[in-house]
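**Student:** Dumping the structure here so I can ask a few things about it.
Nothing in this text is a laboratory measurement; each read-out follows from the coordinates by a stated rule. The structure presented is a predicted model; accordingly, all values stated were derived computationally and were not measured. Glycine gets a Cβ as well: all are built from the backbone with ideal geometry, and neighbour counts include every protein chain shown.
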Amino acid sequence: MQESDTLTTLRITDAIARMFVERGDSCLREFTLRTGRRVDIIAIGGGGGGEITIVEVKSSRQDFLSDRKWHEYLEWADKFYFAVADYFPRDILPGEAQCGIIITDGFDCLEVQAAPVSRLAAQRRNHLIRRLAHVAMRRLEFTGTGTEPVPEEADEAPE
């Protein structure tokens, strides 16, 4: 495989976001949790349960091996996935007890390992949904206006 054939983080993220939207879910990229950690994608299911999914995108073996923070995301989602290119060495990713795996060629996506479900506590779910709404509305306000988005620190919703 040539360097030009590798999928970038952006291309993987685009494909995964498109997958969520096509199945009726909503998602945000680069969302900062209360802990200060920033997730690549967070999604809310379109069904009545409002299932919250976090996806961590990994574009290379080194990208995964150098990541020490992904464990911290598990307590902030009902489901947690790694999203990788279809040629990524999946044997280095955690097992099905910890995460799901979605692969992509940059266009189509396939869930090759289902994510375990661990329902969030009601208080945490409520906090996340309020923060997601706040951040999404702020981002939407600045879309297409020719102004730069507000600083990340301003994404914090009041408690």
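**Student:** Taking only DSSP H segments of four or more residues, each worth -39500 (n - 2.57), what value at 222 nm results for the chain once the sum is divided by all its residues, to the nearest 500 deg cm²/dmol?
**Tutor:** -8000 deg cm²/dmol
**Student:** Let me ask another. Given R₀ = 25 Å, what would the calculated FRET efficiency be for Glu96 paired with Leu10, taking r from the Cβ atoms and rounding to 0.05?
**Tutor:** 0.35
**Student:** Taking only Cα atoms and a 10 Å spring cutoff, compute GNM fluctuations for the chain and point out the largest among Leu65, Leu132, Leu120.
**Tutor:** Among Leu65, Leu132, Leu120, the largest mean-square fluctuation in the Gaussian network model of the chain belongs to Leu65.
**Student:** As an exercise, use a Förster radius of 25 Å and the Cβ-Cβ distance of Arg119 and Arg34 to find the FRET efficiency, rounded to the nearest 0.05. Write out the running numbers ahead of the final one.
**Tutor:** Values: r = 18 Å, r/R0 = 0.73.
Step by step, r from the Cβ atoms, then E = 0.85.
**Student:** Considering amide H positions built from the backbone, and no H for Pro or chain starts, which residues 5 or more places from Gln113, or on another chain, come under 5 Å of its amide H?
**Tutor:** Ile101
**Student:** Shifting gears a bit: Angle check, please: helix 9-22 long axis (alpha carbons) against the longest principal axis of the chain (alpha carbons), in degrees 0 to 90, nearest 10.
**Tutor:** Roughly 70 degrees between the two axes.
**Student:** Next question. Among DSSP beta bridges whose residues both lie in the stretch 3-144, state the antiparallel percentage, nearest 5.
**Tutor:** 55
**Student:** What is the list of residues in the stretch 59-81 whose amide nitrogen lies under 17 Å from a point 7 angstrom out from the Cα of Tyr87, following Cα to Cβ?
**Tutor:** 59-64
**Student:** Rounded if a/c is under 1.5, else prolate if a/b is larger than b/c, else oblate: which is the stretch 4-82, with a ≥ b ≥ c the root eigenvalues of its Cα gyration tensor?
**Tutor:** Oblate, because a/c is 1.5 or more while a/b does not exceed b/c.
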